Amino acid sequence: MSVRSEVLSQFRKTREAASAEDYYQLLYSLRPDRLAAEELAEIILHIEANKQLSRDFPKHVNIFGTGGDGTINLSSMSAIIAARFVPVVKMGTRAVTGNIGSSDFIAELRQRETASPALAKALAESSFKFLRLSEAGFAYRDELRQARRRIHHEGIPDLYKIVFPFANYTKPFLQINGAAKEIYFQRFSELCVLLNRTACIVRADAGIDEILPGNNRIAFFRDGARELDANFNLLPQHAAENMDAFHEAASPRDAVDLFVAMLEGRASPIIRDTVLQNAGLILAGAALAEGSGAGLEELMDTHFSTLRNSLP
């Protein structure tokens, strides 16, 4: 058996292990910082070949980050905002390494939709779809969640934070992957080249898989060719060290309260502008993927202004 086939065989076992300890040992043996990009690509192609998804989606951007970095649900909020202008499919799960997964946030959002006119309006105007990973045929067992939390708390790079976010489930014209760790950014970039992807990769210096005030690294690939990989000092009007504003909410209800406050013009400027900057990246990335000749920062600034004018 080839080394690559052994890695794929080990990965398959992570879908059927008997205990949290077994899952942990398997994930530890498959640390993405110790695997070659070609081995990761083989796993991703296996996931794509075995997805169970019958739904067809219109032309869209797909977003799936590494998550679990202890911050508010920025990617879900920004995806809903950006989807007023371009269809967006956000993928995610219930909480694994954080307290509130995107699936938890969206479930609470749907329950609250009729209680807030601003939220109902935002959702009605948005071409936003949420897809749980389980809907693509990849369900989570509690034992796997336990093992991944342990991996996370020990600071070990997590295979699942690369292969599942990067896999192509919905055939987007652009995928956006947030990378909480530098190793995730590196592996995503290598995989874009190997698998000929059109994608945007983003990482804040603070170790967050979104844009934050301060220094952010953003890369753009078209059909596997790296067209941009640069650092951007964004949202200079806000203090880069003010991380307290982004701490994860205590509950899905609190997280949705924060989003509703933003839609109603009551959120703090740093939260509002950070959500809008991330939405602007979605729209700027989509424009680049469609062949815009403008620069990324110029496109983000233009879309940020448009989005800011759309809120109270």
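Output the residues belonging to segment 48-83 that are buried (at least 19 other Cβ atoms within 10 Å of the Cβ) and in a loop (DSSP other than H, G, I, E, B). Those that are buried (at least 19 other Cβ atoms within 10 Å of the Cβ) and in a loop (DSSP other than H, G, I, E, B): HIS60, PHE64, GLY65, THR66, GLY67, GLY68, ASP69, ILE72, ASN73, ALA83. Being part of a helix (DSSP H, G or I), out of contact with any Lys or Arg (no Cβ under 7 Å at 6 or more places or on another chain) and of a type in the set (D, E, K, R) is the filter; apply it to segment 88-128 and report the residue that is modelled with the lowest pLDDT. Filtering first and then ranking leaves GLU113. Is at least one residue of segment 114-130 closer than 28 Å to ALA18 by Cβ, surrounded by 18 or more Cβ atoms within 10 Å (Cβ to Cβ) and of a type outside the set (S, T, N, Q)? Scanning segment 114-130, I find no residue that is closer than 28 Å to ALA18 by Cβ, surrounded by 18 or more Cβ atoms within 10 Å (Cβ to Cβ) and of a type outside the set (S, T, N, Q), so the answer is no.
Please identify the pairs in which a residue from segment 28-42 that is within 21 Å of CYS192 (Cβ to Cβ) has its Cβ atom under 8 Å from the Cβ atom of a residue that is assigned to a helix (DSSP H, G or I) and among the hydroxyl-bearing types (Ser, Thr, Tyr), counting only partners at least 6 apart or on another chain. Qualifying pairs under 8 Å: PRO32/TYR184. Give me the residue from segment 132-150 that is touching a Phe, Trp or Tyr at 6+ places or on another chain (Cβ under 7 Å) and among the aliphatic types (A, V, I, L, M) and, out of that set, surrounded by the fewest Cβ atoms within 10 Å (Cβ to Cβ). Looking at residues that are touching a Phe, Trp or Tyr at 6+ places or on another chain (Cβ under 7 Å) and among the aliphatic types (A, V, I, L, M), I get ALA136.
Against the condition over 22 Å from the mean Cα position of the chain (by Cα) and closer than 30 Å to LEU212 by Cβ, how does ARG84 come out, does it pass? No, not satisfied.
The number of residues in segment 259-283 being buried (at least 21 other Cβ atoms within 10 Å of the Cβ) and more than 21 Å from ASN216 (Cβ to Cβ) comes to 2. Among residues of segment 113-129 that are without any contact (Cβ under 8 Å) to a residue 40 or more places away in the chain, those with a beta-carbon under 8 Å from a residue that is in a helix (DSSP H, G or I) and of a type in the set (Val, Ile, Thr) at least six positions away or on a different chain give the pairs ALA120/THR114.
The values are calculated or read from the model by the stated rules, or taken from the named source; none is laboratory data. On a predicted model such as this, the values are computed, not experimentally measured, just so you know. All Cβ positions, glycine included, derive from the backbone under ideal geometry; neighbour counts span all protein chains shown.
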